[in-house]
Amino acid sequence: MLNFSLPEAPCLATLRALAARRILILDGAMGTMIQTLNMTEEDFTGNGHVHGPGCRHHPTDHPQKGNNDLLVLTQPKAVEDIQFRFAMAGADILETNTFSSTTIAQADYGLEAAVRDLNVAGAQVARRAADRAQAEDGRPRFVAGAVGPTNRTASISPDVNDPGYRAVTFDDLRIAYGEQIDGLVEGGADLILIETIFDTLNAKAAIFAAFESFARAGRRLPLMISGTITDASGRTLSGQTPTAFWHSVAHAHPFTVGLNCALGAAAMRPHMAEIAAVATCLTCAYPNAGLPNAFGAYDETPEQTAAQVAGFAREGIVNVVGGCCGTTPDHIRAIAEAVAPLAPRKLPA
Ligand SMILES: [Zn+2]
């Protein structure tokens, strides 16, 4: 049972009031922005000081290049500057750079012991970017603590010869997500964003963990829940249609539900329309900048992405929009400008 008797975080009333007036803007991709900085192993580890100043972690022999989440400890200004650029491009909600900051995902880098610091620092870095932007133009910005799917799935066996095998259990995920969300809350996140959900059982563990974390903190943060459609038949990896996905997470009474990643806006549109028709909460869409080309890069221009996302708005299926892989501050600026004159989706009666 999820505990709804906890007091709501005060930002929820502010967010609801803003969302009643206009379409809110979520920021763009962190991963593809970090790639453009061409950082070396030394950059990732902070010249060998893997854990940053004042660190209390065990050393690791694992290479850290590609461990984007570590940058909140070793290159915090670089991460903050990307988030600040997204905020000044028009984003109301900034995501923390903590997509893989669970013990499960950080095991690949031998940094399980760093997850608390990664999440606290991840929220603090985004908060600094949010506060800088707000000081500049007076508009409030909100920090969404990003919680990724991990690299394991609780409902599908990775071993074709042993369909009953699971690489991770609900409780493994619940504990790992709880540690992550405790850190995000401690670091000052306003919302928790459970994103890129390919396995709804993983997401259910994250939802349960979030409510356990809220009980420890004594307040309930708004939840954003975002699935990803990975299959041409329009289903998540764990086999759900968008409608089934909504019914599987509706018990969490999220602030938003929606879709991100895997698809560009054109391919995402029908699935977003399906969610918008059934969801009793606000909806959020943040597609990739088209589909990756042969080199894994994204070619859609800001104008192209923005035109399609504006189509979502004209169709009345979105309350929050932003960008996933390949979207830059220019994409977010174009999206914000394109949807500014358009009305937010009305909730089903
Ligand atoms: Zn993505």
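Table for the structure above
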quantity	calculated
Estimated Rh, the range 170-220: Kirkwood, alpha-carbon pairs, angstrom	10.9
Fewest-first sequence of 96, 196 by Cβ atoms within 10 Å of each Cβ	196, 96
Relative exposure of 207, 197, 156, judged by other C-beta atoms within 10 Å (fewest first)	156, 207, 197
Radius, Kirkwood style, for the chain when every pair of distinct Cα atoms is counted (Å)	20.0
MRE, 222 nm, helices only [DSSP H, n ≥ 4, -39500 (n - 2.57), over the chain, to nearest 500]	-12500 deg cm²/dmol
Selection of chymotrypsin sites (Phe, Trp or Tyr not before Pro), the range 164-243, meeting DSSP coil and at most 15 other Cβ within 10 Å	165
Relative exposure of 98, 280, 228, 103, judged by other C-beta atoms within 10 Å (fewest first)	280, 103, 228, 98
Net charge over other residues, Cβ less than 13 angstrom from the Cβ of residue 148 (K, R count +1; D, E count -1)	-4
Signed unit charges on C-beta, dipole axis of the range 1-142, positive-most listed residue 122, 7, 90	7
Size-normalised alpha-carbon gyration radius of the range 184-270, reference 2.2 N^0.38 Å	1.13
Restricting the range 65-134 to trypsin sites (Lys or Arg not before Pro) in coil, as DSSP defines it, with at most 15 other Cβ within 10 Å	65
Lysines whose Cα lies under 20 Å from that of residue 65, excluding same-chain neighbours fewer than 8 positions away	77
Mean-position separation - Cα centroids, the range 126-165 and the range 297-349, in angstrom	20
Amide H contacts under 5 Å for residue 188, placed H, 5+ residues apart	none
The range 59-110: radius of gyration over Cα atoms, expressed as a fraction of 2.2 N^0.38 Å	1.31
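Each reported figure results from applying straightforward, stated rules to the coordinates on display, with no laboratory input. Model, not experiment: these values are computed from the prediction. Ideal geometry is used to build each Cβ from the backbone, glycine not excepted, and the neighbour counts take in all protein chains shown.
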